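Below: one structure, written as structure tokens.
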Amino acid sequence: MNKPRSINIFLLHGDPNGIRVAQISMSTIQAIAFRRNQLKEVCKSFPEIQRPGVYILIGIDENSIDRHLYYVGESESVEARLTHHISSDKKDFWTDTVVLISKDENLTKSHARYVESRLIYNINNPRWGSSNAQNPSNEAGKLPLPDRAAMDEFIDQTQTLVSALGWDLFRDIRGQQQNEPAENQCLQKTETKKEICFNFSGDGYSANMEIGPSGDFIVKEGSKARIKTSEAFPKKAASIRSILFEEKILEKQDNYLLFTSDYSFSSVTAAAATVIGSPVNGRTAWKLPDNSTYAEWEAHQEQHISPNYQ
């Protein structure tokens with residue numbers, strides 16, 4: 001369950017895309033975000049990164065239109081380790097960095113190893129691919145119970161700060177497994193919670209979609225996508241399909257593709273194109289039970305209700 005938090009973000013040069021430091025109010029945890037080529041300036045401005053900590057290297061997967069790459073690491077001196085990566089390692093994907101440290105200097109090597117292990121384990125977003133050669137063992141950074149409790153809070157805050165800085169690395173966009181068929185879920189939620197559920201159906205496909213709390217577009221588990229794709233199938237949608245197959249979120253059935261779990265799209269049109277396998281205007285394709293479109297529903301959001309749902 002997410003909880004309300006106040007986050008302070010310091011812009012070193014007043015540039016929201018430049019070097020920035022994020023911190024949750026009343027916390028000792030700092031997240032320092034910067035571009036790879038800004039490491040020298042960061043080391044000069046924030047000497048605390050010489051201490052033990054955890055870092056995340058971020059970049060683009062050149063083999064995929066819709067996927068990023070990450071590498072999670074730890075070190076007794078984050079500065080020294082990042083300098084080593086630049087001079088010795090072949091991490092060509094790396095463009096952005098997030099360094100995670102504690103201002104109270106109580107973070108040890110064992111703490112950092114524990115945080116690194118749990119962060120890697122907590123990444124469950126198929127839009128991101130790992131550049132870590134191997135996952136750490138369950139014994140990594142083994143800590144006594146009081147220290148584990150403190151580091152679990154460090155991890156929780158880290159995930160919030162990374163998201164606040166603009167990366168959805170720790171966001172689970174697959175949703176939770178459900179026992180009810182997708183059509184029953186939508187019907188039940190519409191009746192009990194008055195949540196809005198859209199449908200997009202035709203020859204070889206039938207999908208349900210809800211608007212998530214972050215404004216994203218969640219195609220529901222049990223939805224069916226068309227197997228065949230057209231020659232004009234958008235490259236980005238094709239890339240999304242490839243990721244979904246790889247992660248077993250889409251599985252081939254007799255004459256359709258089945259969503260085995262919820263999946264969150266950032267675009268209503270990308271959601272529709274992935275379902276139908278061809279170019280489509282998602283704003284008019286997705287419809288409510290009264291046959292009004294997503295575009296019409298969106299136009300009525302000043303009243304926070306959809307047409308005919310008063």
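The values are calculated or read from the model by the stated rules, or taken from the named source; none is laboratory data. Note that this is a predicted model, so its numbers are computed, not measured. All Cβ positions, glycine included, derive from the backbone under ideal geometry; neighbour counts span all protein chains shown. When the accessible area is computed, the model is the full protein with side chains, heavy atoms only, and any ligands, DNA or RNA have been set aside. Shrake-Rupley method; radii C 1.70, N 1.55, O 1.52, S 1.80 Å.
The table below gives the values:
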item	result
Members of segment 1-28 that are crowded, with 16+ Cβ neighbours inside 10 Å, under 21 Å from the mean Cα position of the chain (by Cα) and among the β-branched types (Val, Ile, Thr)	7, 21, 24
Check on residue 87, open to solvent by 70 Å² or more (accessible area, probe 1.4 Å) and among the hydroxyl-bearing types (Ser, Thr, Tyr)	yes
Residue that is of a type in the set (A, V, I, L, M), modelled with pLDDT of 95 or more and farther than 28 Å from residue 166 by Cα, where the choices are 258, 187, 250	258
Filter result for the condition that a residue is modelled with pLDDT of 85 or more, within 25 Å of residue 244 (Cβ to Cβ), open to solvent by less than 80 Å² (accessible area, probe 1.4 Å) and out of contact with any Pro (no Cβ under 8 Å at 6 or more places or on another chain), over 69, 82	69
Single unsatisfied condition, residue 243 versus (1) modelled with pLDDT under 85; (2) over 17 Å from residue 268 (Cα atoms); (3) open to solvent by less than 30 Å² (accessible area, probe 1.4 Å)	(1)
Tally of residues being open to solvent by 60 Å² or more (accessible area, probe 1.4 Å) and charged (D, E, K, R) across segment 52-66	1
Which numbered condition residue 207 fails, given (1) farther than 18 Å from residue 172 by Cα; (2) open to solvent by 30 Å² or more (accessible area, probe 1.4 Å); (3) in a strand (DSSP E or B)	(2)
